Amino acid sequence: MADKHNKFSLAIHGGAGAKLGEDYSIVEQHLKQLTEDGKALLKAGSTAVDAVEHLVRQLEVSGLYVAGKGSAAASNGCVELDASIMDGATRNAGSVAAVRDLVYPISAARAVMDKSPSVMLAGEGANAFANDHGLDLVANPDSYYVMPPGVSEDDVAVKEMQHGTVGAVALDVHGNLAAATSTGGVFGKPAGRVGDTPIIGVGTWADEEIAISCTGTGEYFIRTGGALTVANRFKLAGDTLEQAMWSMLDDVKSLGGDGGLIAVTKSGEIAMTYNSDGMKRASVSSEQPVSVTTFAPCR
Ligand code: ASP
């Protein structure tokens with residue numbers, strides 16, 4: 001672990017599926033509280049990877065976002081969840097895809113990272129792994145899940161790719177970066193559909209220089225390369241952070257999709273960009289106070 005340098009940065013998002021006209025004040029209050037919690041953790045010396053896992057767990061269990069408790073069933077009547085986590089310090093990563101009825105899918109991804117030789121487990125195998133490792137299971141799936149603010153029965157019934165996700169990126173005081181992302185995916189999805197979220201390098205990426213968490217119509221993020229495209233533009237092509245992010249997002253748009261992403265760099269820079277109607281998001285750093293917004297323009 002590198003020496004402490006007392007500098008930290010944190011950004012979290014509650015998804016780029018926000019709809020104009022909806023009231024997200026409860027969500028923004030929650031994001032504010034979590035950002036304060038994350039700040040305290042990072043100030044106290046938490047590693048970035050522990051902080052992002054902790055924050056995504058709180059987002060998943062809240063029922064306020066399309067992830068964990070706020071997810072809806074796929075066409076087979078089962079709630080199938082995707083999550084991934086990456087530790088930039090080691091480039092270790094873990095993910096689960098189409099996993100069922102876990103309270104904290106992100107902790108299953110963390111367990112895959114820490115306790116298995118695999119990077120990604122899917123479906124039944126992921127569930128068996130979660131059982132074997134004593135991860136929290138939803139006791140009663142028929143009554144556990146709720147519709148988050150801004151989501152209606154219509155969104156769940158109509159197959160129009162309405163979507164949501166949660167994510168967190170952090171730079172810790174040791175100079176290390178991490179990213180974590182978790183989702184219920186798109187509403188009305190076919191059984192077995194897997195989006196960008198659990199794919200390392202697409203929905204989530206962290207290395208020695210940058211950490212990224214994406215949200216949006218996953219099919220388009222997969223087709224643009226997503227997070228690693230941004231990382232490479234930033235590291236190799238000389239783009240500023242914002243240029244790199246917009247380049248990928250503009251590509252998503254040109255293919256017909258929308259969404260957003262959050263990123264932090266090793267210098268502590270934070271950027272949060274989206275091209276959908278809004279993205280629920282919050283940030284804080286050792287240099288900047290907590291800021292929370294959903295619809296404030298970002299370009
Ligand atoms: N990216 C997620 C998916 O396609 C959805 C979202 O971020 O809103 O599963």
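The values are calculated or read from the model by the stated rules, or taken from the named source; none is laboratory data. Since we're looking at a predicted model, the values are computed, not measured. Ideal geometry is used to build each Cβ from the backbone, glycine not excepted, and the neighbour counts take in all protein chains shown.
So here's what we get for this one:
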{"quantity": "Only listed residue being in contact (Cβ under 8 Å) with a residue 24 or more places away in the chain and within 16 Å of the ligand (Cβ to nearest atom), chosen from Ala206, Ala263, Ala211, Ala231", "calculated": "Ala263"}
{"quantity": "Counted residues, region 172-183 - those being under 13 Å from Ser213 (Cα atoms) and over 8 Å from the mean Cα position of the chain (by Cα)", "calculated": "2"}
{"quantity": "Test: Asp87 is buried (at least 24 other Cβ atoms within 10 Å of the Cβ), more than 12 Å from the ligand (Cβ to nearest atom) and more than 19 Å from Glu219 (Cα to Cα)", "calculated": "yes"}
{"quantity": "Single unsatisfied condition, Asp136 versus (1) surrounded by fewer than 20 Cβ atoms within 10 Å (Cβ to Cβ); (2) of a type in the set (D, E, K, R); (3) within 20 Å of Leu55 (Cβ to Cβ); (4) touching a helix residue (DSSP H, G or I) at 6+ places or on another chain (Cβ under 7 Å)", "calculated": "(4)"}
{"quantity": "Residue tally, condition among the β-branched types (Val, Ile, Thr) and in contact with a Phe, Trp or Tyr (Cβ under 9 Å, 6 or more places away or on another chain), over region 10-50", "calculated": "1"}
{"quantity": "Close pairs (6 angstrom Cβ cut-off, 6 or more residues apart or separate chains): in contact (Cβ under 8 Å) with a residue 60 or more places away in the chain and buried (at least 24 other Cβ atoms within 10 Å of the Cβ) in region 170-191, assigned to a strand (DSSP E or B) and of a type in the set (Ser, Thr, Tyr) anywhere", "calculated": "Leu171/Ser9; Ala179/Thr204; Ala179/Ser213; Thr181/Ser84; Thr181/Thr204; Thr181/Ser213; Thr183/Thr165"}
{"quantity": "Residues of region 64-93 satisfying the condition of being among the β-branched types (Val, Ile, Thr) and more than 19 Å from Val264 (Cα to Cα)", "calculated": "Val66, Val79"}
{"quantity": "Conditions (1) near the ligand (Cβ under 10 Å from one of its atoms); (2) touching a helix residue (DSSP H, G or I) at 6+ places or on another chain (Cβ under 7 Å); (3) farther than 27 Å from Gln288 by Cα; (4) at pLDDT 95 or above; number of the one not met by Gly218", "calculated": "(2)"}
{"quantity": "Leading residue by the ranking (surrounded by the fewest Cβ atoms within 10 Å (Cβ to Cβ)) among those in region 194-228 that are touching a Ser or Thr at 6+ places or on another chain (Cβ under 8 Å) and more than 26 Å from Phe8 (Cβ to Cβ)", "calculated": "Ile199"}
{"quantity": "Condition check for Leu55: under 18 Å from Gly203 (Cα atoms), of a type outside the set (S, T, N, Q) and in contact (Cβ under 8 Å) with a residue 40 or more places away in the chain", "calculated": "yes"}
{"quantity": "Count of region 171-194 residues which are within 12 Å of the ligand (Cβ to nearest atom) and within 21 Å of Met113 (Cα to Cα)", "calculated": "5"}
{"quantity": "Hits in region 235-260 - residues which are within 16 Å of the ligand (Cβ to nearest atom) and either surrounded by 16 or more Cβ atoms within 10 Å (Cβ to Cβ) or within 24 Å of Glu22 (Cα to Cα) (or both)", "calculated": "Met245, Met248, Leu249, Asp251, Val252, Lys253, Gly256, Gly257, Asp258, Gly259, Gly260"}
{"quantity": "Enumerated helices (runs of 4 or more DSSP H) restricted to region 81-166, each holding at least 1 residues that are among the hydrophobic types (A, V, I, L, M, F, W, C)", "calculated": "105-115, 123-132, 153-157"}
